[in-house]
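Here the structure is laid out as structure tokens; the discussion comes afterwards.
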Amino acid sequence: MLIVALVFTHKGYLNMEFNPSDHPRASTIFLSKSQTDVREKRKSLFINHHPPGQIARKYSSCSTIFLDDSTVSQPNLKYTIKCVALAIYYHIKNRDPDGRMLLDIFDENLHPLSKSEVPPDYDKHNPEQKQIYRFVRTLFSAAQLTAECAIVTLVYLERLLTYAEIDICPANWKRIVLGAILLASKVWDDQAVWNVDYCQILKDITVEDMNELERQFLELLQFNINVPSSVYAKYYFDLRSLAEANNLSFPLEPLSRERAHKLEAISRLCEDKYKDLRRSARKRSASADNLTLPRWSPAIIS
């Protein structure tokens, strides 16, 4: 029985290595889906001899260094939401053409977010990036969520698509995004937003519907709400790569003396921390007693 359990765990661990939301070395799905469009845009510009039309960039010099105000620990909220909306857009636009299973809990026709009648062709037209951005921005603004929460939202979204083997499409994107935001806000933010609070934002949705959405979302994630720091960092930098490839530049500002001192202090703090970790790593000896297997964090359903 023990051997079987170990084999099962090892097999699950190997499968996890191919899941970008679990393993830092696996490529993010949204970046892969966006590359086809980016290549086509560049090819079209080259054939038609059009300049790429990028926004004029600011370049650092000996006297002035330009930096944006977004870091992996404190991302810029507005531009992070724009990048996440763009990632979701590419997920929808470049989904599997053959179609995959559509779960009822995410179907907007079965569970509408408003009392207005759902159009008969609601599942035929892909939403524009601006529409996705407005939907996400409205929730984040009303619930006062952080930029880090937006990144975790994207992690949960890709984990759902991988675990449940479903696609995000015009018929379900709003409820999938809502479920991911709901879960990310509870796991990440210190002051979690209650389900009833989302009912104040989306006036026509009921608490019972929000509870059921959260419950099924968690079950489809197999209650795996853990987001390693390495995975979070990978999604942050891949979102920056996505922004650069789509001419969505983060605003640059000259490096001030005050910010330079702050960055230097953070750098020293991190350096001291890693020195301590290296010292403790040398003292420890590898043994079977210290062997740890992946564990999922428990979650509480409201």
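Is one or more of the residues making up the stretch 255-268 in contact (Cβ under 8 Å) with a residue 40 or more places away in the chain and under 18 Å from the mean Cα position of the chain (by Cα)?
no
From the set of residues in the stretch 137-172 that are of a type outside the set (A, V, I, L, M, F, W, C) and outside any helix (DSSP H, G or I), which is nearest to Leu202 (Cα to Cα)?
Gln144
As an exercise: evaluate Glu258 against (1) at pLDDT below 95; (2) not in a helix (DSSP H, G or I) and give the number of the one condition it does not meet.
Among (1) at pLDDT below 95; (2) not in a helix (DSSP H, G or I), the lone unmet condition for Glu258 is (2).
Looking at (1) open to solvent by 10 Å² or more (accessible area, probe 1.4 Å); (2) charged (D, E, K, R); (3) at pLDDT 95 or above, which is the only condition Lys115 fails?
Result: Lys115 passes all but (3).
Can we say Val231 is at pLDDT 95 or above and touching a Pro at 6+ places or on another chain (Cβ under 9 Å)?
yes
Being closer than 17 Å to Leu145 by Cβ and among the charged types (D, E, K, R) is the filter; apply it to the stretch 180-231 and report the residue that is most open to solvent (accessible area, probe 1.4 Å).
Of everything passing the filter in the stretch 180-231, Asp190 is most open to solvent (accessible area, probe 1.4 Å).
List every residue pair whose Cβ atoms lie under 7 Å apart, where the two residues are 6 or more positions apart in sequence or sit on different chains, the first residue falls within the stretch 116-131 and is more than 22 Å from Ile205 (Cβ to Cβ), and the second residue, located anywhere, is among the hydroxyl-bearing types (Ser, Thr, Tyr).
Cβ pairs passing all conditions: Gln129/Tyr89.
Between Thr80, Thr36, which is open to solvent by less than 30 Å² (accessible area, probe 1.4 Å), modelled with pLDDT of 65 or more, of a type in the set (Ser, Thr, Tyr) and closer than 30 Å to Asp123 by Cβ?
Within the list Thr80, Thr36, the selection yields Thr80.
Please go through the stretch 140-153 and pick out each residue that is more than 15 Å from the chain's Cα centre (by Cα) and open to solvent by less than 50 Å² (accessible area, probe 1.4 Å).
Ala143
The values are calculated or read from the model by the stated rules, or taken from the named source; none is laboratory data. All values derive from a computational prediction rather than experimental measurement. Here Cβ is always computed from backbone atoms with ideal geometry, including for glycine, and neighbour counts include all displayed protein chains. Areas reflect the complete protein model, heavy atoms only, side chains present, ligands, DNA and RNA absent. Shrake-Rupley method; radii C 1.70, N 1.55, O 1.52, S 1.80 Å.
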